[in-house]
Every structure is written in structure tokens, then in C-alpha cells.
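The next block holds one structure in the form of C-alpha cells; read it before the comments.
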Amino acid sequence: QKEVEQDPGPLSVPEGAIVSLNCTYSNSAFQYFMWYRQYSRKGPELLMYTYSSGNKEDGRFTAQVDKSSKYISLFIRDSQPSDSATYLCAMSSSRLTFGEGTQLTVNP
Amino acid sequence: KAGVTQTPRYLIKTRGQQVTLSCSPISGHRSVSWYQQTPGQGLQFLFEYFSETQRNKGNFPGRFSGRQFSNSRSEMNVSTLELGDSALYLCASSLVVVAGVTDEQFFGPGTRLTVL
């Protein structure tokens, strides 16, 4: 079983939709939780970084962490075509462990 | 502030050859990690260097090696290349490793290696 599970999608939504991306994990040692966005042929770009349970908001993005359920989510409000990318969750203890990535397409 | 830079951006090699990839971290960052990204396996951790010392290593064969210099720049080397080594190799830097826990990492654009 993988330490971090993420549905690879693909996920296709209309512009303006609310997008929900999720990851589950099994390692209780994970202390930091991140979401990265990766455009085609580019390196991952850090979107959100949190270390506590609860919600963290940054513009149209909200990261949610539930340590008791070992579950993290990323919500994108008012999605735009420019949000089309692969979204990777990542968690760290002594090193980063990534989910497989969810490919998102936002259609105009 | 300049981001993480990687050279070269693209590389084509043949089986059996060796390759060296270079990474310059964000100024002031002392931790550098390397990852291999393939469509089938996703992002897999290779190793991490902090202050010229390898602090962590992933499950890759000994053909994969790395080092870090006193200015925090890092190189990774792959010897005796195999077809399966074709991948995007990503370098990430972070400011500091806090109490053994990896801080947020910033990625470079990657080096795309093709092995023929």
C-alpha cells in the first residue's frame, strides 16, 4: 500500500466550478502538508503549505487537513482555465512523499 | 530572488553512458533534494543533501549518486544508463531542515533525460 493515495483523475470541470482534490495517507509521522501545481513540462510549484489540522485559505485556494482521519483536501473556487494542471499533494516527515497527482482540466 | 536552476534542461544519452545533472538552489537555501518523475511512478525521492552531507536516500540503485558543494550547489550522477532511467529529474531546495523534518521545498524546472 502506498503511503499517500491520490486519485489520478483526470478531472474535467466547467469554468467557475468548485474543484475538490483529495489525498489520504497512512503514515502518522507526517507533520507538514503541501499542495503543488505542475503545468506540463514544468517543475512543481508550491501552492499551499500547512502543518496543522484545519483550514488555510489563500485567494481562491483552501487547503484542509484532518489529521485524525489522515485526509487532506484542496478546494479551488471559481476555477479558471489557467488552473488546468496536475495537482500533487505532498507530505513530509524526514522527506517529502508525493501523491500520484490529479490531472485537472477547466473548460472555458 | 532567483529560483532554483537546473542544467541542462534536456539531455539525450544512449544506454551504458553516464550523465551528470546540475542544480543551483535558491540563494540561502542549504538543503537540496533530487526527485525522479515518470508517468508511471510519479515523483520519487532520490536523495537529500544538507550542508554537503547526504541526509536521506530513496530506494534507487547505487548507479544514482549525488553530491553537494560548499556553496550548496548540487550534482547528481547516473552511471551505466538504462532505458528506464528516461525521466524528468527535478531538484528542490529548502531553507532549512527543522528538527529532522523537511521544510517547504521549491522546485526547479527539471532536466528531461532521454535514454536511447
* Long-range neighbours under 6 Å by Cβ, at least six apart or interchain, first residue at the interface with another protein chain (Cβ under 9 Å from one of its Cβ atoms) within segment A:27-48, second β-branched (Val, Ile, Thr) -> A:Gln31/B:Val101; A:Gln38/A:Thr86
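Matching residues to (1) farther than 26 Å from B:Cys91 by Cα; (2) open to solvent by 30 Å² or more (accessible area, probe 1.4 Å); (3) in a strand (DSSP E or B); (4) modelled with pLDDT under 95:
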residue	(1), (2), (3), (4)
A:Lys2	no, yes, no, yes
A:Pro8	no, yes, no, yes
A:Ser12	yes, yes, yes, no
A:Ser20	yes, yes, yes, no
A:Cys23	no, no, yes, no
A:Asn27	no, yes, no, yes
A:Trp35	no, no, yes, no
A:Met48	no, no, yes, yes
A:Gln64	yes, yes, yes, no
* Structure fact -> Here the residues within segment A:71-98 that are crowded, with 16+ Cβ neighbours inside 10 Å, at pLDDT 95 or above and outside any strand (DSSP E or B) are A:Ser79, A:Asp83, A:Ser84
* Among what's in segment B:1-26 and is part of a loop (DSSP other than H, G, I, E, B) and small (Gly, Ala, Ser), pick the residue that is nearest to B:Gln105 (Cα to Cα). => B:Gly3
* What number of residues within segment B:78-105 are part of a strand (DSSP E or B), modelled with pLDDT under 90 and within 7 Å of chain A (Cβ to nearest Cβ)? -> 2
* Structure fact -> Out of (1) in contact with a strand residue (DSSP E or B) (Cβ under 6 Å, 6 or more places away or on another chain); (2) open to solvent by 60 Å² or more (accessible area, probe 1.4 Å); (3) touching a residue at least 40 places away in the same chain (Cβ under 8 Å); (4) hydroxyl-bearing (Ser, Thr, Tyr), the one A:Ser53 does not meet is (3)
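Output the residue which, of all residues in segment B:27-47 that are assigned to a loop (DSSP other than H, G, I, E, B) and within 12 Å of chain A (Cβ to nearest Cβ), is nearest to A:Gln38 (Cα to Cα). Quick ask: steps written out before the conclusion?
Applying the first criterion (assigned to a loop (DSSP other than H, G, I, E, B)) to segment B:27-47 yields B:27-30, B:39-41.
Within this subset, residues satisfying the condition of being within 12 Å of chain A (Cβ to nearest Cβ) are B:39-41.
Details: B:Pro39: 13, B:Gly40: 16, B:Gln41: 16 Å.
It comes out as B:Pro39.
Just to be sure I understand, how many residues within segment B:45-89 are in contact (Cβ under 8 Å) with a residue 60 or more places away in the chain and open to solvent by less than 40 Å² (accessible area, probe 1.4 Å)? Give the steps one after another, and end with the answer.
Initial filter on segment B:45-89 (in contact (Cβ under 8 Å) with a residue 60 or more places away in the chain): B:78-83, B:89.
Going one step further and asking which of them are open to solvent by less than 40 Å² (accessible area, probe 1.4 Å), we end up with B:78-79, B:81, B:89.
Of the residues in segment B:45-89, 4 are in contact (Cβ under 8 Å) with a residue 60 or more places away in the chain and open to solvent by less than 40 Å² (accessible area, probe 1.4 Å).
The values are calculated or read from the model by the stated rules, or taken from the named source; none is laboratory data. Predicted model only: the values in this text are computed from it and were never measured. Don't worry about glycine lacking a Cβ; one is built from the backbone with ideal geometry, like all the others, and counts go over all protein chains shown. When the accessible area is computed, the model is the full protein with side chains, heavy atoms only, and any ligands, DNA or RNA have been set aside. Shrake-Rupley method; radii C 1.70, N 1.55, O 1.52, S 1.80 Å.
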